[in-house]
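Colleague: Please read through the structure below; I'll follow up with questions.
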Amino acid sequence: MPRNRIRHPRFSPGSGPRPAWATRSPWRSFGDVLGAMVVGVVLVGAAALFVIPRILGGDGLTVLTGSMEPALSPGDVVALRGIAQQDVCEDIAIGDIVTYHPAPDDPELITHRVTAKTVGSYDDGTSCRLILQGDANSAPDEPVSPEQVRGVFIYGIPAVGWARSWVAENRILVLSIFALAAAGLYALDRARPRTRIRSVAHAPTAPDSDPSAPHENRTADVDASLRARELHLRERELALREREVALLEQNLRSTAPVSPSP
């Protein structure tokens, strides 16, 4: 007996809605990663130039001469930690790099390496003198008192000093560039197409159920439908057979010979 077959739909993993990251352009993803890297570099650089030295009581200074080459070159930025005058003689050792004022009333700063240290009693009430010399110089500097020391070298950042000086001299221009860039990014973000979802008031909500329940319910419904259809087809087949038997009996009665009456 022929049967009607019902094919159960199968759902492949890729037939559902794709996640947002899977539909994005590779170039857009690359741009997002590159932008995040640039922002990270800028934040780390700003922290290294301004935040960390200030936290340690020091400052960041730009190297202007080549007296400390090859350790420090013109254009490098040196980060300094602050040091108290009474701690200079104990904390600073030979080989450290120190920034100092060449004279008490001179705003100029010199960053050289400590090559020797003398200990004693001096007229200014200090107990030592530092002998400093640039790595590229052939002669040492004049002895330095603890009162002249501005800070101790922590680390250097190559080749960003000129950019830092230019930014400091052109703050209005830099702020204008940042404002224009922010406005452009905001305009691009506003122009980007967005998907909007509207909420409908008094919308019926589906009852809570197990995530696997819909698939099992669909399978049970299909099986029950197949069984009901099969029973219906069997009932029709039985009815057809009964009808065939009735027709056959009728034909037999109509074709049977009639015996003559006595």
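Colleague: Being open to solvent by less than 50 Å² (accessible area, probe 1.4 Å) and either acidic (Asp, Glu) or more than 17 Å from Val63 (Cα to Cα) (or both) is the filter here, so list the residues in the range 107-123 that pass it. Reasoning before the result, please.
Modeller: Going through the range 107-123, the residues open to solvent by less than 50 Å² (accessible area, probe 1.4 Å) turn out to be 110-112, 114, 116, 120.
Once the filter is applied, which keeps residues that are open to solvent by less than 50 Å² (accessible area, probe 1.4 Å) and either acidic (Asp, Glu) or more than 17 Å from Val63 (Cα to Cα) (or both), the range 107-123 yields Val114, Ala116, Gly120.
Colleague: Here's another thing I want to ask about it. I'd like to verify a number: residues in the range 128-151 that are closer than 17 Å to Ile83 by Cα and either open to solvent by 60 Å² or more (accessible area, probe 1.4 Å) or among the β-branched types (Val, Ile, Thr) (or both), how many?
Modeller: Residues meeting the conditions: 4.
Colleague: Going by what's in this entry, would Gln86 be described as out of contact with any Gly (no Cβ under 6 Å at 6 or more places or on another chain), of a type outside the set (D, E, K, R) and buried (at least 16 other Cβ atoms within 10 Å of the Cβ)? Lay out the reasoning, then the answer.
Modeller: Working: out of contact with any Gly (no Cβ under 6 Å at 6 or more places or on another chain): yes; of a type outside the set (D, E, K, R): yes; buried (at least 16 other Cβ atoms within 10 Å of the Cβ): no.
When the stated conditions are applied, Gln86 does not pass them.
The values are calculated or read from the model by the stated rules, or taken from the named source; none is laboratory data. Since this is a predicted model, take the numbers as computed values, not measurements. Cβ: placed from backbone, ideal geometry, glycine included. Neighbour counts: every protein chain shown. Remember, those area values only see protein heavy atoms, side chains included, never the ligands or the DNA or RNA. Shrake-Rupley method; radii C 1.70, N 1.55, O 1.52, S 1.80 Å.
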